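Let me begin by presenting the structure, written as structure tokens, before commenting on it.
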Amino acid sequence: MRRIPFLIAALVAASGLSWTIRLAALPDPFAADSALAVAIGVLIFTAIAVAGLLLGRGRWTRPFAAGLLGTELLIAAVSPLDLWALITLILTGLGITGLLGPWLRGWLRQRQPANAPGAAPMALTLGSLLVVPLVGVAAPAGLHLAHGLAGATGILLGWAYGRGNTWSIWALRFILPVVLAAAAVFSPPAGAALLLAAAAGIGYVAWNRECRLAVDPLPANLPTPRRPQR
């Protein structure tokens, strides 16, 4: 039974890698650069899901990985069906079955560690990285320079915030929403609405006090110095 979580993680990894290769080799219905952005996003989030399942083992990893595989099913719904897509769909289905079954019970931690980040900082980090595939979905006919800038900014700030750099919280509050709004100008109406919603959501979460304290903690209270005895 101890090997089953590793098998489930392997299915999640195989599914994500298969969809990455599929999008890179056959981008239809996306343009080549848009499909590449989506493929990079799938690869990033697959790595996070597998690391969460095997290393973090938090309760969030199950819904996160299931959501990733569900998104891959949406990609399958708009992609041509061939043998490679069929194999990838089977891997995705097996991965979802493993995640939703009882096999991870006892493997995933039921309580959050005391030093674990809260929900808001986690959402902010993942939301920043989500910008990469989001620009590909928002501009399926091809990326503008503004889309590439938004994706690169999302990766940089997601990495910097995850590393605990204090400056990243201010960049997430001001720079990333502005860059996303600029990318929305060069997107079709539906894509523009998607990017503007992402800009508003990231900006809103970034102003959460918990997100600031995650990289700029309050100083510990020092004990009052003792006065010398007379």
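The values are calculated or read from the model by the stated rules, or taken from the named source; none is laboratory data. Note that the structure is a prediction, hence the values are computed from the model and not measured. Virtual Cβ from ideal backbone geometry, glycine too; neighbours counted across all protein chains shown.
At-a-glance table
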{"read-out": "Segment 3-36 - residue that is outside any helix (DSSP H, G or I) and touching a residue at least 24 places away in the same chain (Cβ under 8 Å) and, of those, farthest from L81 (Cα to Cα)", "value": "A31"}
{"read-out": "Qualifying positions in segment 163-180 - of a type in the set (G, A, S) and buried (at least 18 other Cβ atoms within 10 Å of the Cβ)", "value": "S168, A171"}
{"read-out": "Number of positions in segment 47-56 that are surrounded by fewer than 24 Cβ atoms within 10 Å (Cβ to Cβ) and either outside any helix (DSSP H, G or I) or under 10 Å from the mean Cα position of the chain (by Cα) (or both)", "value": "2"}
{"read-out": "Close pairs from segment 149-178: first in contact (Cβ under 8 Å) with a residue 12 or more places away in the chain, partner not in a helix (DSSP H, G or I) and not hydroxyl-bearing (S, T, Y), Cβ under 8 Å, at least 6 apart", "value": "T166/D216; I169/D216; R173/W207"}
{"read-out": "When residues of segment 126-148 are limited to those that are without any contact (Cβ under 8 Å) to a residue 60 or more places away in the chain and surrounded by 16 or more Cβ atoms within 10 Å (Cβ to Cβ), the one nearest to W60 (Cα to Cα)", "value": "A138"}
{"read-out": "Residue pairs meeting the criteria (Cβ under 9 Å; at least 6 apart or on separate chains; first assigned by TED's automatic domain parsing to the domain that holds V132 and within 17 Å of L130 (Cα to Cα), in segment 183-195; second polar (S, T, N, Q) and surrounded by 13 or more Cβ atoms within 10 Å (Cβ to Cβ))", "value": "A193/S187; L194/S187; L195/S187"}
{"read-out": "Any chance A123 is closer than 30 Å to A32 by Cβ and surrounded by 14 or more Cβ atoms within 10 Å (Cβ to Cβ)", "value": "no"}
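Per-residue answers, yes or no, for (1) in a helix (DSSP H, G or I); (2) farther than 23 Å from P27 by Cα; (3) without any contact (Cβ under 8 Å) to a residue 12 or more places away in the chain:
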{"position": "R59", "(1), (2), (3)": "no, yes, no"}
{"position": "R62", "(1), (2), (3)": "yes, yes, no"}
{"position": "A66", "(1), (2), (3)": "yes, yes, no"}
{"position": "G70", "(1), (2), (3)": "yes, no, no"}
{"position": "L73", "(1), (2), (3)": "yes, no, no"}
{"position": "A76", "(1), (2), (3)": "yes, no, no"}
{"position": "P80", "(1), (2), (3)": "no, no, no"}
{"position": "L94", "(1), (2), (3)": "yes, yes, no"}
